1. Just list whichever of LYS13/LYS133; LYS11/LYS94; LYS13/LYS94; LYS11/LYS205; LYS94/LYS124; LYS79/LYS163 have alpha carbons separated by over 20 Å in the model shown.
2. By its C-alpha gyration tensor, with a ≥ b ≥ c as the square roots of the eigenvalues, how is region 1-75 shaped: rounded for a/c under 1.5, else prolate for a/b larger than b/c, else oblate?
3. Would you mind pulling out the separation of the Cα centroids of region 1-57 and region 196-215, in Å?
4. Among bridges DSSP assigns within the chain, what percent are antiparallel (round to 5)?
5. Which of the chymotrypsin sites (Phe, Trp or Tyr not before Pro) found in region 35-135 are loop residues per DSSP with 10 or fewer other Cβ atoms within 10 Å of their Cβ?
6. Can you pull out the trypsin sites (Lys or Arg not before Pro) in region 75-152 that DSSP calls coil and that have at most 16 other Cβ atoms within 10 Å?
7. Kindly work out what percent of the DSSP beta bridges joining two residues of region 133-192 are antiparallel, to the nearest 5.
8. Rounded, prolate or oblate, given the Cα gyration tensor of the chain, with a/c below 1.5 counting as rounded?
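The values are calculated or read from the model by the stated rules, or taken from the named source; none is laboratory data. Quick caveat, the model's predicted, so the values are computed rather than measured. Please note: Cβ atoms are built from the backbone with ideal geometry, for glycine as well, and neighbour counts cover all protein chains shown. Side chains are part of the model used for accessible areas, which takes the heavy atoms of the whole protein and leaves out ligands, DNA and RNA. Shrake-Rupley method; radii C 1.70, N 1.55, O 1.52, S 1.80 Å.
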Amino acid sequence: AFVYGLPEINKDKIQSASFIANPGCFATAISLAILPLAQAGLLLEDVHVNAVTGATGAGTSLSKTTHFTWRNNNFSAYKSFEHQHLQEIGQSLKQLQEYHSAAINFIPNRGNFSRGIHATAYTKFEGNLEEAKLMYSEFYKNAAFTFITEEELHLKQVVNSNKCLLRLQKFDDKLLITSVIDNLLKGASGQAVQNMNLMFGFEEKTGLNLKASYF
């Protein structure tokens with residue numbers, strides 16, 4: 001049987017697995033943004049997500065929307081409310097909050113850059129910002145690559161790394177979570193290496209101590 005390879009929630013299962021289903025890139029960025037709410041049983045209202053991915057998110061096959069002359073200085077939404085990664089996200093949420101039934105209203109966008117995913121998610125949250133930060137810090141305290149930060153986030157902080165950075169903000173009764181990853185590393189091959197390390201008993205960060213392109 002396959003184990004869903006999101007180490008932040010399935011590390012123990014991955015360590016004893018023979019087969020891994022490596023998570024999708026949008027699924028990784030969005031799940032990591034909201035899973036702590038599910039763990040606490042607080043994902044009770046609809047979640048609204050807007051996320052932008054680079055051209056590499058479409059893979060290597062040629063298409064009109066990956067051609068440089070189309071992508072450069074351009075921006076568009078696609079597969080609104082119907083993206084294939086929604087099923088993955090819902091599966092992970094129900095793993096932590098079985099009675100979860102709130103909708104994930106997801107608008108994916110194509111950005112005019114090569115690598116990275118920048119996602120913003122917001123939902124109603126009764127607690128204050130400090131309570132949210134404590135909840136997220138506790139959830140990710142043993143995560144090798146997922147971190148909570150106070151900084152305003154942008155893609156160069158994570159591109160060329162296996163990190164996911166999360167920033168929390170509170171606006172009236174809404175909690176806003178910003179999540180950034182490199183779609184080719186934490187969203188794909190980097191996470192696969194992370195899972196391989198766990199499966200074969202290597203130190204989890206082996207081969208993944210990478211420096212972001214930001215300076």
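1. Correct reply: LYS13/LYS133; LYS79/LYS163.
2. oblate
3. So the two Cα centres are separated by 18 Å.
4. 65
5. Taking region 35-135 and a limit of 10 other Cβ atoms within 10 Å, the loop chymotrypsin sites (Phe, Trp or Tyr not before Pro) found are PHE75, TYR99.
6. Qualifying residues, ordered by number: LYS79, LYS141.
7. 75
8. rounded
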